[in-house]
Amino acid sequence: MTKNSKIKSNFSRREALRLMSLGGVACFAAPNLFGKPAFAQTAAKAPAGRVVVGMSQEPTVFNPLMPHIEVDDAVHFSLFDALFRIDTKGVVQPNLAMEVPSQKNGGISADGLNWRIRLRNDVKWHDGQPFTAEDVKFTLELIVNPKFRAWRTGGHALVRDITIVSPTELTWRMEQPFAPYLSFLTETFMVPKHHFDKEADPNTAAFNKAPVGTGAFKWSQRVPGDRLELVANTDYFGDGPYMKQIVFKYIPDMTVLYTQFRSGDIDLTDQAFITADHYEEARKLPQRVVTPVAGGSVESIYLNLEKPQFKELAVRQALYAAIDRKSIIDTIYYGVPEATETFMPRKSYYYNPGLPKHEFNLDRARKLLDDAGWVPGADGIRAKNGVRLAFNNSTTAGDNLREQVQQFLQQTFREIGVEMTISNLPAAVMFGDFWLKSQFDTAISGVTHLIAADPDATNRLASTSTVAKGGKGSNVGQYANPEVDALLKQGVQTFDPEARRAIYFRIQEIVRQDLPFLPLFGATYLIGKKDRLQGWEPNSATRVASWHAASWRWKT
């Protein structure tokens, strides 16, 4: 494969547009289970074997309702269940619920305000206690508890008057219509009320270090800095588990991770998958399968907009013009990913293809800075009003491709009078408070802006979603634009897909103009596994490869 060649995802554009077009709308849901029931009652009688999942970042957050990153989700999806899940076709399916509520089946009122949820009656927590409507009520109320460090409150904050009808049924009222809420609930994992009843502070509960869920696997042990082990839940109500044990192995060096996949020590790669520089070799390895999967994540340079260096649009425009993105994609990433101008995944029905195209132009970058009054000093670095155009750039230590990108950018930025210092950190530090509380200058990261298939990006773009300013969410760049805020509010109250499309097209236009982050490319995940591992399927509507480990089994 040449450096400029492209690979094809096994995910067709037509199918992608179909599944994304109605994300979050009630008619997008389906009351049936997966083709081969993924959440039906066909539990394996005798789980056997183990799967070792290789990860370049270490899972550290085990309460799924608290701020966390994608790598933690790989564990959450195995330990916990949600009311609903999204299948590989992008269709919402029942999980802990008996059916997906809709206006057609009476589960959601015609105005979208009143919801009724019917639950399964055969679900138990890992400690043997029954799962009931009380747990759902507790979970939804905990998320919006002002004393709790919640990951996402969007949508949940609109829920009112949660009423327990019976142990297997509850109702609530929405303060206003909220189109994405069904999708949000597919990634809202339920937690056990009885594990928090005697805790003074849910943020420090014992549960957070030894979680109890209803999922196909149970907590076993964690060896910090090395691995995390889960064991089969033989009382699981759904399909599987077929595996006796899952081991999430932490290998911070991407090259070492790949070497262990090649040698057979790793059975499946997850977060951050096979790197592009190893793709040509990996796809030819015996007894291995490497699958390109179109992902929802966008690799970008995130700017902390509260830093004085980045407050001027001209600076952000100049930095973007000074990025030789084509060379980064073709040379460093071997042509695997695809350039993008937006946070919206290219597969999405809401993707705006008409945005201005990036142009690498150092002369334009210099002129932008000259015109804005950024003057080179004796050392060649520009300054204005006592502020040097200098900053740190951080990413995960050991990610060799991102480190090459940093070195490339460092040299190019220097040519326009900008000083970038590389300052990388271990993943657990990088994506802890340093990231979540906006303590960085700039950072390179792959970020998923959407929740499941819905186009709402409030969690990443709303001014109220900045933790560093007292908000709840993941707006780590501290972006604030009143028009975007207003459009985001309008978007979540609009159910018609075409009307929503116009709203999110406009949001993308504004964000592209503002450049709160500098997009590099949309992710194509190269997921590697042993060919004997069956039951694994790619799912572009989730953030992790380990989205449904219950179905994994070894071919005999």
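The one condition from (1) buried (at least 17 other Cβ atoms within 10 Å of the Cβ); (2) under 30 Å from I251 (Cα atoms); (3) touching a residue at least 60 places away in the same chain (Cβ under 8 Å) that R283 does not meet is (3). Of everything listed in (1) aromatic (F, W, Y); (2) within 26 Å of I251 (Cα to Cα); (3) in a loop (DSSP other than H, G, I, E, B), the single unmet condition for W435 is (3). With respect to the conditions (1) surrounded by fewer than 23 Cβ atoms within 10 Å (Cβ to Cβ); (2) farther than 18 Å from Y250 by Cα, V231 falls short on a single one, namely (2). Polar (S, T, N, Q) and at pLDDT 50 or above - does that describe any residue in region 59-71? Yes: region 59-71 contains one or more residues that are polar (S, T, N, Q) and at pLDDT 50 or above. Identify, please: which residue in region 375-423 is under 21 Å from the mean Cα position of the chain (by Cα) and among the polar types (S, T, N, Q) and is, among those, nearest to E58 (Cα to Cα)? Here the residue is T396. For region 475-499, filtering for residues that are out of contact with any helix residue (DSSP H, G or I) (no Cβ under 6 Å at 6 or more places or on another chain), within 22 Å of R346 (Cα to Cα) and assigned to a helix (DSSP H, G or I) leaves 3.
Limited to region 469-490, what total is found for residues that are modelled with pLDDT of 95 or more and under 20 Å from the mean Cα position of the chain (by Cα)? Number satisfying all stated conditions: 6. The residues listed here are G386, G432, G380; of these, the one that is in contact (Cβ under 8 Å) with a residue 40 or more places away in the chain and either of a type in the set (G, A, S) or not assigned by TED's automatic domain parsing to the domain that holds G446 (or both) is G432. Scan region 466-477 and give yes if some residue there is of a type in the set (S, T, Y), in contact with a strand residue (DSSP E or B) (Cβ under 6 Å, 6 or more places away or on another chain) and closer than 16 Å to F310 by Cβ, otherwise no. No - not one qualifying residue is present in region 466-477.
Of everything in region 137-174 that is of a type in the set (D, E) and over 29 Å from H449 (Cβ atoms), the residue that is surrounded by the most Cβ atoms within 10 Å (Cβ to Cβ) is E169. Scanning for something farther than 24 Å from P345 by Cβ and not in a strand (DSSP E or B), does region 443-465 turn up at least one residue? Within region 443-465, not a single residue is farther than 24 Å from P345 by Cβ and not in a strand (DSSP E or B). Restricting attention to region 487-525, the residues that are among the β-branched types (V, I, T) and under 30 Å from S394 (Cα atoms) add up to 4. Could you please give the count of residues in region 195-234 that are of a type in the set (D, E, K, R), closer than 26 Å to V429 by Cα and not assigned by TED's automatic domain parsing to the domain that holds G54? The number of residues fulfilling the criteria is 4. Among the conditions (1) in contact (Cβ under 8 Å) with a residue 24 or more places away in the chain; (2) out of contact with any Leu (no Cβ under 6 Å at 6 or more places or on another chain); (3) buried (at least 16 other Cβ atoms within 10 Å of the Cβ), the only one that I251 does not satisfy is (2). Name the residues in region 254-281 that are in a helix (DSSP H, G or I) and either at pLDDT 95 or above or not aliphatic (A, V, I, L, M) (or both), would you? Within region 254-281, T255, Y258, T259, Q260, F261, R262, S263, D277, H278, Y279, E280, E281 meet the criteria. Taking (1) among the basic types (K, R); (2) buried (at least 17 other Cβ atoms within 10 Å of the Cβ); (3) assigned to a helix (DSSP H, G or I) in turn, K472 satisfies each apart from (3).
On the stretch given as region 254-267, residues that are crowded, with 23+ Cβ neighbours inside 10 Å and touching a strand residue (DSSP E or B) at 6+ places or on another chain (Cβ under 7 Å) total 4. Examine region 123-130 for a residue that is touching a Phe, Trp or Tyr at 6+ places or on another chain (Cβ under 8 Å) and either in a strand (DSSP E or B) or surrounded by fewer than 14 Cβ atoms within 10 Å (Cβ to Cβ) (or both), and state whether such a residue exists. Yes: region 123-130 contains one or more residues that are touching a Phe, Trp or Tyr at 6+ places or on another chain (Cβ under 8 Å) and either in a strand (DSSP E or B) or surrounded by fewer than 14 Cβ atoms within 10 Å (Cβ to Cβ) (or both).
The values are calculated or read from the model by the stated rules, or taken from the named source; none is laboratory data. Since this is a predicted model, take the numbers as computed values, not measurements. Every residue, glycine among them, receives a Cβ derived from its backbone with ideal geometry; neighbour counts consider all protein chains shown.
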